[in-house]
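Peer 1: Have a look at this one before I ask anything.
Please treat every number below as a calculation from the coordinates, not as lab data. All figures in this text were calculated on a predicted structure; none of them were measured in a lab. Neighbour counts run over all protein chains shown; Cβ positions are idealised from the backbone, glycine included.
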Amino acid sequence: MDSVLRRSVRGPVLLLTTAAILVIIALVQAAMLAKLREDRRIDAHRAAENVVRTLALTIDRNLKLIEVSIVGVREALALPEVQAMPASARHLLLFNRIAIPHYLGSMLVLDENGNIVIDSGTVAPRQANFADRDYFKVHRERDAGTFLSSPYASRLRQNDPSIGMTVRLSRADGKFDGVVLAAFRLAFFKSLFEKVDLGPDGIISLVNTDGTMVYRHPSTDGTGNAGESVADAPVFARMRATPNGSFTGTSKIDGLTRYYVTQKIGDFPLILSVGISTSAIFAEWAVQAIIVGLLTLVVCGLLAGIVLVLRRALVHSYNMEEQLEHMAVTDALTQIPNRRALEMALDTEMRRATREKSELSVLVIDLDFFKQINDSHGHAVGDALLRSVGRQVTRAIRRPGDFAARLGGEEFVVILPSTGAAGATFMAERIRKAIAATQVATDDGRRVNTTASIGVASGMIQASDPTDRLLREADGALYRAKGGGRNRVVGSHPNDGFAAAQ
């Protein structure tokens with residue numbers, strides 16, 4: 001468990017886990033901000049929807065009142081007795097019974113040539129011709145029903161901006177006989193729209209379905225942009241596609257991006273839109289997003305910093321522990337495993353050999369006449385020789401499971417798992433030859449070498465065997481090798497080893 005934890009801390013696991021946590025925190029904050037942003041959009045939508053619904057209802061009611069009025073005039077003029085009435089009586093009949101809206105300009109009856117024949121403003125009609133107006137041309141060509149004209153400057157009211165609502169007059173044979181016109185002043189829309197506060201850069205637009213601007217507040221030209229064509233504007237295309245809906249678009253007129261809510265005006269070819277600036281909608285949210293974003297960065301930065309500092313401290317602690325552990329099982333002079341490591345390895349291999357019912361061999365190596373080398377050449381040369389012997393012993397064992405350690409002084413031990421007497425003796429002889437070939441230089445340039453006596457113990461291991469059984473047997477064989485003349489390999493049983501002459 002501890003090794004798994006150490007690998008996790010040292011490897012990418014801790015860093016990846018921390019990164020995942022930071023990503024989760026960021027995603028949670030992003031989701032929260034997205035929810036807040038959507039809430040702001042919904043609030044703006046509801047506000048704009050309420051405004052557009054109220055305005056559309058007011059506009060529709062006034063336009064319908066005018067439509068009823070001009071249709072009533074047309075129906076009255078269709079009666080012969082009305083046509084035969086004196087002009088003053090007919091004027092009273094046609095106009096005094098009509099509830100004229102506040103922003104209605106003039107109601108006129110034009111003949112087939114566009115001249116005024118009946119005028120709501122006076123019994124004696126004013127002199128003017130309107131054959132050039134779009135509403136007159138349309139009705140002259142066909143019966144267009146109730147027609148709303150493009151905005152125009154009134155010739156009877158000092159260029160007062162207006163739109164005309166007209167119906168066709170037809171003779172009994174269906175031929176064109178003129179129009180009934182009601183002029184509706186654009187000041188009505190100006191007064192109506194100015195009462196609404198949509199915040200910075202908010203707009204209200206009334207557009208004909210043919211793309212002609214009827215009135216826009218606030219305007220960019222001081223006249224409500226009346227008559228300006230927006231037919232090729234992307235926002236108008238969206239309005240025409242969804243006359244009763246909502247969308248986000250950029251205005252062709254001022255280039256600002258807004259959230260639009262639209263509604264068609266009853267049966268009339270008009271679309272009303274309320275546009276709220278997206279920057280105004282999300283201004284408060286943007287401040288919240290900046291604050292939350294900064295706090296998230298600070299928290300994530302602190303968390304990452306804490307994790308990095310903690311990781312560095314843990315890695316340092318683990319390194320120190322492992323260094324101490326290594327020092328505890330490593331011989332300081334030769335840098336190979338020491339006696340403590342040997343005892344642990346021997347216990348492990350004894351258990352494995354018992355479990356697997358396999359042979360195990362132990363070699364005990366002792367350098368010959370090492371004390372004389374120390375006395376003659378000094379401990380520095382002796383230490384150098386021990387280090388060199390340690391390297392030779394380590395190089396001689398080649399299998400992953402083989403183990404070499406310094407037992408103490410000039411003694412070394414080798415453990416050979418799954419190895420019988422013959423294999424162990426062969427390995428011992430290889431080590432003996434390698435040691436015999438080892439030389440170290442003295443301060444005066446002379447070369448010093450040594451030989452080794454090696455005791456070998458091999459056999460099957462029983463569960464009842466003490467851990468140091470083979471070690472003691474190999475040690476006994478070592479003493480026999482020493483007594484037999486040194487520089488030789490001797491087994492713990494007869495015929496297990498063979499002697500080599502110095």
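Peer 1: For q = 0.12, 0.15 Å⁻¹, what log10 I(q)/I(0) does the stretch 206-357 give under the Debye formula with an equal point scatterer on each alpha carbon and no solvent?
Peer 2: -0.75, -0.87
Peer 1: Return one quarter of the surface area of the convex hull spanned by the alpha-carbon atoms of the stretch 78-185, equal to its mean projected area, in nm².
Peer 2: Averaging across all directions leaves 6.7 nm² for the Cα convex hull.
Peer 1: Distance between Cα centroids, the stretch 351-392 to the stretch 209-279: provide it in whole Å.
Peer 2: A separation of 97 Å, based on Cα centres.
Peer 1: What is the Cα radius of gyration of the stretch 383-459 over 2.2 N^0.38 Å, N being its residue count?
Peer 2: Compactness ratio reported: 1.16.
Peer 1: While we're here: Taking the Cα-to-Cβ direction at H45 and at A87 and moving 7 Å from each Cα, how far apart do the two end points lie in nm?
Peer 2: Here the answer is 5.9 nm between the modelled labels.
Peer 1: Give the calculated FRET efficiency between R387 and H493 to the nearest 0.05, with a Förster radius of 25 Å applied to their Cβ-Cβ distance.
Peer 2: 0.15
Peer 1: Another question, if that's okay. Per residue of the stretch 79-89, what does 6.51 cos²θ - 1.76 cosθ + 1.60 with θ = phi - 60° give for ³J(HN,Hα)? Whole Hz please, x for Gly and Pro, Karplus curve as stated.
Peer 2: 8, x, 5, 6, 4, 7, 6, x, 4, 5, 5
Peer 1: Another question, then. So for the stretch 417-484, Kirkwood radius off the Cα pairs, Stokes-Einstein at 20 °C and 1.002 mPa s: how many µm² s⁻¹?
Peer 2: 153
Peer 1: If you plug each phi of the stretch 393-409 into the Karplus form 6.51 cos²θ - 1.76 cosθ + 1.60 with θ = phi - 60°, what whole-Hz ³J(HN,Hα) values come out, in order, with x for Gly and Pro?
Peer 2: 5, 5, 5, 5, 8, 10, 7, x, x, 5, 9, 10, 8, 8, 7, x, x
Peer 1: Follow-up. Based on the Kirkwood radius over alpha-carbon pairs, what is the Stokes-Einstein translational diffusion coefficient of the stretch 372-502 at 37 °C with 0.692 mPa s viscosity, in µm²/s?
Peer 2: Here the translational diffusion coefficient equals 213 µm²/s.
Peer 1: Additional query: What are the ³J(HN,Hα) couplings of the stretch 258-273, residue after residue, when phi is run through the Karplus curve with 6.51, -1.76, 1.60 and θ = phi - 60°? Round to Hz, x for glycine and proline.
Peer 2: Computed from phi, the couplings for the stretch 258-273 are 9, 9, 9, 10, 10, 8, 6, 8, x, 9, 8, x, 10, 10, 9, 10 Hz.
Peer 1: Roughly what % antiparallel, to the nearest 5, for the DSSP beta bridges in the stretch 330-491?
Peer 2: Once the DSSP bridges in the stretch 330-491 are tallied, antiparallel ones form about 90 percent.
Peer 1: Could you tell me how many degrees, from 0 to 90 and to the nearest 10, lie between the Cα long axis of helix 283-329 and the main elongation axis, the longest principal axis, of the Cα atoms of the chain?
Peer 2: 0
Peer 1: Of the peptides 284-294, 448-458, how do they stack up when ordered by the mean number of other Cβ atoms within 10 Å, highest first?
Peer 2: In descending order of packing, they fall as 448-458, 284-294.
Peer 1: If you don't mind, another one. I need the trypsin sites (Lys or Arg not before Pro) found in the stretch 305-364, filtered to DSSP loop residues with at most 10 other beta carbons within 10 Å of theirs.
Peer 2: K357
Peer 1: How long are the semi-axes of the equivalent ellipsoid of the chain, defined as square roots of 5 times the Cα gyration tensor eigenvalues? Whole Å, largest first.
Peer 2: In descending order, the three semi-axes are 118, 21, 18 Å.
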